[in-house]
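The values are calculated or read from the model by the stated rules, or taken from the named source; none is laboratory data. Just so it is clear, the structure is predicted and the values come from calculations on it, not from any experiment. Cβ sites come from the backbone with ideal geometry, for glycine too, and all protein chains shown count toward neighbours. Surface accessibility is based on the protein's heavy atoms, side chains included, excluding ligands, DNA and RNA. Shrake-Rupley method; radii C 1.70, N 1.55, O 1.52, S 1.80 Å.
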Amino acid sequence: MSRSQEFLHGCRDILPMIVGAVPFGIIFGTLSVGAGLTIWQTTGMSLLVFAGSAQFIAVTLITGGVGALVVLLTTFIVNLRHALYSAAMQPFVRHLPSRWRVPLAFWLTDEAFAVIQHRYARDDGSPHKHWFFLGAALTMYLSWQLATLAGIAFGQAVPNVAKWGLDFAMIATFIGIAVPMIRTRPQLASALVAGVVALLTWELPYKLGLIAAALAGIVVGVWLEQQAERQVHEEAL
C-alpha cells in the first residue's frame, strides 16, 4: 500500500479503540474539573502527558496536596509498561530517523500499541507501515483531546458522570482486540498467566500489579516458545 493508504488504514483500524477511550477521556475531564483543576491545566495534561492511567493518578495526588516529586515518581512507575511496548516496537522502527521515532514514541499508548502490533505482525513486505503507525497514533491523540474537552463541558453541566460506569467500554474494547490475536499455545499461556497474576496483585499500589502481570506473561511465553523451538530442533536431528 502507499503511504496515504497506510495512514488512512491506521486511522480506520484505531476507531474501535477510540470508542472505548472516549468515555475514559470524558471521565478524566470531568474529574479534573471537579477536583479543582482549571480548564487549561486539564487540557494541558492531556496534551503533554497523554496517558490515561497516569493522568487519573496525577489528578488524585495533586488534589491531595502531594508534592511534585511524588507525582512524577508515581506516574513514572505507572507508565513503566511503555518500556515493554517500546521494546516490542523497536525492531520495526529502528531504521527510521529521529524525526519519526520521537513523535511516534510520544504517541505510543496502550490502544495504539494493540492496533499497530497487529499491523506489523502481517508480513506483507510493506515499507510504509510507519505511516499506519502515524495514522493510528495521531487519530487516538486527537480523539483523546476532544474527549477531555467533552469531559470538561460535562463536568460543568452534568454531576457525577464518573459514576456512570463508562470506563467499562475500554475494558471491553481491549478484550475484543486482544483475544483474536491469541493464536498459539505460548500466547494463550502467556495471556492466562498474566491474567492470573493481575488478579493476585490487584491490591498493589501504583499499578505495580500491571507490571508484574506483564513480566510474568512475557517470561512464560518466551520460555514456552524456547521449549517448542528446542523440541522442533531435536526432532529434526
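Say whether the condition of being under 27 Å from residue 222 (Cα atoms), at pLDDT below 85, open to solvent by 70 Å² or more (accessible area, probe 1.4 Å) and not β-branched (Val, Ile, Thr) is met by at least one residue in the range 92-110.
no
Taking the stated definitions as given, is residue 83 without any contact (Cβ under 8 Å) to a residue 12 or more places away in the chain, on the phi < 0 side of the Ramachandran plot, within 12 Å of the chain's Cα centre (by Cα) and open to solvent by 40 Å² or more (accessible area, probe 1.4 Å)?
Values: without any contact (Cβ under 8 Å) to a residue 12 or more places away in the chain: yes; on the phi < 0 side of the Ramachandran plot: yes; within 12 Å of the chain's Cα centre (by Cα): yes; open to solvent by 40 Å² or more (accessible area, probe 1.4 Å): yes.
Spelling it out, residue 83 is indeed without any contact (Cβ under 8 Å) to a residue 12 or more places away in the chain, on the phi < 0 side of the Ramachandran plot, within 12 Å of the chain's Cα centre (by Cα) and open to solvent by 40 Å² or more (accessible area, probe 1.4 Å).
If the Cβ limit is 7 Å and pairs must be 6+ apart or interchain, which residue in the range 105-127 that is under 17 Å from residue 90 (Cβ atoms) pairs with which residue that is open to solvent by 70 Å² or more (accessible area, probe 1.4 Å) and part of a helix (DSSP H, G or I)?
From residues that are under 17 Å from residue 90 (Cβ atoms), the pairs are 120/92.
Which of (1) more than 27 Å from residue 121 (Cα to Cα); (2) under 14 Å from the mean Cα position of the chain (by Cα); (3) aliphatic (A, V, I, L, M); (4) open to solvent by less than 20 Å² (accessible area, probe 1.4 Å) does residue 59 not meet, given it meets every other one?
With respect to (1) more than 27 Å from residue 121 (Cα to Cα); (2) under 14 Å from the mean Cα position of the chain (by Cα); (3) aliphatic (A, V, I, L, M); (4) open to solvent by less than 20 Å² (accessible area, probe 1.4 Å), residue 59 is out only on (2).
Quick check, is residue 10 outside any loop (DSSP other than H, G, I, E, B), modelled with pLDDT under 85 and open to solvent by less than 40 Å² (accessible area, probe 1.4 Å)?
So residue 10 fails the test.
Of the numbered conditions (1) more than 16 Å from the chain's Cα centre (by Cα); (2) open to solvent by less than 70 Å² (accessible area, probe 1.4 Å); (3) under 11 Å from residue 6 (Cβ atoms), residue 127 fails exactly one; give the number of that condition.
So residue 127 meets the others, but not (2).
If I filter the range 144-158 for residues that are aromatic (Phe, Trp, Tyr), at pLDDT below 65 and open to solvent by 30 Å² or more (accessible area, probe 1.4 Å), do I get at least one hit?
No.
Could you list, in sequence order, the residues of the range 172-190 that are at pLDDT below 85, part of a helix (DSSP H, G or I) and of a type in the set (A, V, I, L, M, F, W, C)?
Residues satisfying the conditions are 172, 174, 175, 177, 178, 179, 181.
Can you go through 199, 204, 210 and tell me which one is open to solvent by 70 Å² or more (accessible area, probe 1.4 Å), touching a Lys or Arg at 6+ places or on another chain (Cβ under 7 Å) and either of a type in the set (A, V, I, L, M, F, W, C) or at pLDDT below 65 (or both)?
210
Given the residues 132, 92, which is the only one that is farther than 23 Å from residue 27 by Cα, touching an Asp or Glu at 6+ places or on another chain (Cβ under 6 Å) and either part of a helix (DSSP H, G or I) or of a type in the set (S, T, N, Q) (or both)?
On the way: 92 fails: touching an Asp or Glu at 6+ places or on another chain (Cβ under 6 Å).
Residue meeting the stated conditions: 132.
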